[in-house]
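Rule-based calculations on the coordinates, nothing more; no lab input. Note that this is a predicted model, so its numbers are computed, not measured. Every residue, glycine as well, gets a Cβ built from its backbone with ideal geometry; the counts of neighbours run over all protein chains shown.
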Amino acid sequence: MPPALFLDRDGTIIEDRGHLRSPSQVAFFPQTIPALRMAQRAFKLFIVTHQPGVAEGVIGTDGVARVHASILARLAQHGIHIERVYYCPHRRSEGCRCIKPNPYHLFEAARQYGIDLRRSFVIGDHPHDVGLAMNAGATGIYVLTGHGEKHRHELPPDTIVASDIWEAAIRATESHTFSEKHAEIAGQISRAAALLKQGGVVVFPTETVYGLGANALDARAVAAIFEIKRRPRFDPLIVHVGSFAQLDAVVAELPTTARDLVESCWPGPLTVVLPKRDLVPDIVTAGLPTVAVRMPDHPMALALIREAGVPIAAPSANLFGRISPTTVQHVQEQLGDRVDMMLDGGSCRVGIESTIISFCGRQPALLRPGGTPIEVVEAVTGPLLRLEPTPAVPLAPGQLPHHYAPKTPLVLRSAAGEMPRGRRVGLLALRAPVAAQGYEVVELLSPTGDLREAAGNLFAALHRLDARGLDLIEAELAPETGLGRAINDRLCRAAGGTPQMTLGNG
C-alpha cells in the first residue's frame, strides 16, 4: 500500500487570493513545482481543499472545476501527476462530514487508491490540516505560507512546521526514507546509541552538517572529540538534545523569550546559549558558565539521541578549521577510521551550521548566523545584539576568525583583484557570473540565486573545488540578507577574516 501527500490548495501550493473564479487567478508558489516533482518519487499526490464560496453563492461548482483542471494541467506540464482533487463545498456551520479536520476524504483515498494513511502526510497552512492528519492516523506538516503565520499559535505541541511547500516536501521525504529503511537503520542506531553510552564517539547526520558526537555528560568521551578533530579546548561545543526535558536537564535557566524561540524553531538549525547546570562538564563549555544547546531536525539524529538517552555533544565531523561535511564521504576523507562508527543519512538538507543566539545578557545576542535566518529569530525576540568575541575567548562554536577553510587558499572575489597569470583559479559563484573567462572551474551555488539552495550547496561545492588541485579559489559573496548572512560569514572566515555584520530590526 503506497503512502500519499495530501496537499491543501490555497496558501500551500498556490497563493491564497480568496475565492478563485478563473484559472487566470491561479498563482503557484515558486517552490511548488520542484517540491512536488521531488515528492512524487515517494508519494501519490492528492489535493484536499475547502471551498465554502460554493455554499455562499460566491463561486459555482463549474468555476471550481475549471480552476482545478487548470491547476492539474499546469502541474502535468512539469510531469507532476495529481491522483485526485477532493474538496468540501460547505460552510463550516453546516457540520458536514467532508470538512476539515474530518478525515472523510482521506478515508475515501485510502479506500479508492489503496493508500496507507499511517505512512502518509498532510501539508497545509491551517491547524485544521494538522487535525485532519491526526484524525486519519497520518502526519501533519504545517507551512508558514498563506495563513500559516496567523494561526501558528493554535498548533498542537510538537507539530512539524516548515517555511513553505519545498521544506515540507523535504521533511516528508526524509521521514518516509527513514521509515522505509527503519529495520536496517534501527539496528545501526541501536549500535551507535550503545557506543555512546559506553563512552564512544559516533558520526551522525543532522539537517545542517554531520556531527562528531559523544555523551555530553561524560568528560572523558568528550575529550576524545577534541583529540579526533584536533580542536583546541578553548572552543566550546554544542549539546544536542532530543526533547525539551533534556533541555531542562542541561540548562539552569530558560527565559521566557528563549522558550518562545525554541518552541517556534525547534527542531531546527537554531542553537541557544544559556546558563548551564553543574552536571555539564566544563570541557563541553570550555570552562564557560554557559552551554550551547540545540535540537536537530533530522529523523536519524533525533532517534539516536532519544535511544542513547543522553544529550550528545557534537561539533562538525571534520578536522578543526576545515570545510564542514555535508555527506558521510566528506567525513571519511577527513577523519578516516578515527571514530567508532559513522551513520550515513545522505546529504544534509540545510548545509550550513545552526544560528547561535545567546540569552545570557540583558538582550538576546547573535553569536553566529546560520541555518535559521536572523529575520525569523527577530520576529520572536525583537532586535538582536551583535557580540564580538575576543579571538582567544570564543563564546560559541564557529567564532574564530579563520574557520570553515579549504586547504586551497581562498579569497573573496571583490578583493581578488586581477586574475593571477599562470595560476589555476576556481570560482565559487552564487549564480552564473557575468564574466567567468580564465577560471579553471566554476561552481554555481544556485542557478536561480536562491539563498536556501545556495546554503545547502556551499560546503559540498567547496569540497569539490578543494579536490581539483587549484592554486586559488575566488568566492563571490551573497546578498547580506536571510541565509546570505550565514553564507557570507562562512566565506569570510574561510578567507581568514571575521565578517562585519550590520543588523537591523528586521
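The figures follow:
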read-out: Dipole magnitude (debye, nearest 20) for region 410-494, charges at Cβ of Lys, Arg, Asp, Glu; value: 120 debye
read-out: For GLY484, net neighbour charge (Lys/Arg +1, Asp/Glu -1) across residues whose Cβ lies under 13 Å away; value: -2
read-out: Three-way shape label, region 75-173, alpha-carbon gyration tensor, a/c 1.5; value: rounded
read-out: Charged-residue dipole, Cβ positions (Lys, Arg, Asp, Glu), the chain about Cα centre, Debye nearest 20; value: 480 debye
read-out: Highest-first arrangement of 167-175, 250-258, where packing means the average Cβ count within 10 Å; value: 167-175, 250-258
read-out: Label zone at ALA432, where the point sits 7 Å out along the Cα-to-Cβ direction: region 470-487 residues whose backbone N lies under 13 Å; value: none
read-out: Antiparallel bridges, percent of DSSP beta bridges restricted to region 4-180 (to nearest 5); value: 5 percent
read-out: Shape of region 410-494, Cα gyration tensor, a/c cut at 1.5; value: prolate
read-out: Crossing angle, helix 299-308 versus the chain [Cα axis fit, 0-90 degrees, rounded to tens]; value: 60 degrees
read-out: Euclidean distance of C-alpha centroids, region 34-96 and region 146-188, integer Å; value: 22 Å
read-out: Read-out Kirkwood radius over Cα pairs in Å, derived from the coordinates shown; its label in (i) 24.7; (ii) 22.4; (iii) 24.1; value: (iii)
read-out: Cα gyration tensor shape of region 4-180, rounded if a/c is under 1.5, else prolate or oblate by comparing a/b with b/c; value: rounded
read-out: Farthest positive-ward along region 410-494 dipole, Cα basis, beta-carbon charges - from LEU470, LEU412, LEU451; value: LEU470
read-out: Electrostatic dipole magnitude of region 183-386 [Cβ: Lys, Arg +1; Asp, Glu -1; Cα centre; debye, to 20]; value: 440 debye
